[in-house]
1. Amide H of M148 versus every other amide H placed in the peptide plane: which residues, excluding those fewer than 5 positions away on the same chain, fall under 5 Å?
2. Which semi-axis lengths, in whole Å and largest first, follow from the square roots of five times the eigenvalues of the Cα gyration tensor of the range 54-202?
3. Relative contact order, percent, of the chain when contacts are C-alpha pairs under 8 Å separated by at least 6 residues?
4. Rounded to the nearest 500, what is the 222 nm mean residue ellipticity of the chain from helices alone, with -39500 (n - 2.57) per DSSP H run of 4+ residues and division by all residues?
5. Taking θ = phi - 60°, what integer Hz values does the Karplus form 6.51 cos²θ - 1.76 cosθ + 1.60 yield along the range 106-114, in sequence order, with x for Gly and Pro?
6. Just to check, using Stokes-Einstein with a Kirkwood Rh over alpha carbon pairs, what's the diffusion coefficient of the range 142-215 at 20 °C and 1.002 mPa s in µm²/s?
7. Throw me the Rg/Rh for the chain, computed over C-alpha atoms with Kirkwood Rh, two decimals.
8. If neighbour count is taken as other Cβ atoms inside 10 Å, put W244, W111 in order from fewest to most.
Amino acid sequence: MFVICETVAAFVASLLRKLVFALAGLSVLFAVAVLWADGHLPANVPDEAPEYAVTEFAEVLNAVDSRGQVDLAALKASHAKLERFIAAMAKTSPDTAPERFAAVEARLTYWLNAYHALVLAELMETRSSSVSWTGEVLRTTPIGGKRMTRMAIYRQYLSQSGDARLFLSIFTGAKGHGVLDDAPFAVEALNPQLDDAVRRFVRRKSNFAIEGTTVKLSKLFELHRDDFLAALPDERKNVLQIVWAYLPDTCDEGAPGCETRTDLDRACGNRFDKCSVVYVPIDETLAVKN
């Protein structure tokens, strides 16, 4: 009887040891995964790297049409320029050249262009018809001495900017997010560029539409509601105030699906309290052609 008990006890003890080792291993893997996704793993800063030049990225963006669609054939034709621009970021970043990016606008411009460059690199290789989370979380690129994922760039630099316009300006590759422009962000033009990005977003029927006394809004407005409201005075704490500010006063004759400030006033009243808001799912279909 005692022999059986000792055997069982030894088996249980062995099982517990294996469980402890397994849990410890999982903890290490989880910690590494977090460091990986959050951009905390180091990368070599190469002595030899292309010169960082936004003008090269500007040529890559010629593949973007007036609707924010990426022409994959044109993008692939300029893949060498995109690769050089991304390779240049391995050496040049706000971390490795702080004097070059001393202004807040300079750093924000850098990370917006970096994020969009990585998205375009992924689009060249994707076989899917919609955006995949794996590229955002798992794919790393050496940038300024760190292995950065798109998620790390977003979490560390873009979402912490304090400017809610960025949430409607960031192009993820999907139709339901920011509408990519055919020009890179520039320090001296950053503020009007962000305004233009929000205008492009709210003027898409899939992101904003009026149906009687119901306003359909992209779920991005709901996800970042607090950020948008923080930018408004107390007497104007309504997300529709943001939309109204970026609508046109008039539309070109025959413009499809165009809504104006007057249309929104008519549906909701000038205090936006006479209509209901319905948040619609974000379209994750790729914004590409060819």
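1. T141, I143
2. Details: eigenvalues 85, 69, 48 Å².
Working from the Cα gyration tensor, I get semi-axes of 21, 19, 15 Å.
3. Values: 410 pairs, mean separation 59.0, N = 290.
Computed over the chain, the figure is 20 percent.
4. My calculation for the chain gives -13500 deg cm²/dmol from helical runs alone.
5. After applying 6.51 cos²θ - 1.76 cosθ + 1.60, I find 5, 5, 5, 4, 4, 6, 5, 5, 4 Hz.
6. On the way: Rh = 14.0 Å.
Stokes-Einstein gives a translational diffusion coefficient of 153 µm²/s.
7. That ratio equals 1.12.
8. Starting with the residue having the fewest Cβ neighbours, the order is W244, W111.
Values in this text are rule-based calculations from the coordinates and carry no lab data. What you see is a predicted model; the values in this text were computed from it and never measured. Neighbour counts are summed over all protein chains in view; Cβ atoms, including those assigned to glycine, are modelled from backbone coordinates with ideal geometry.
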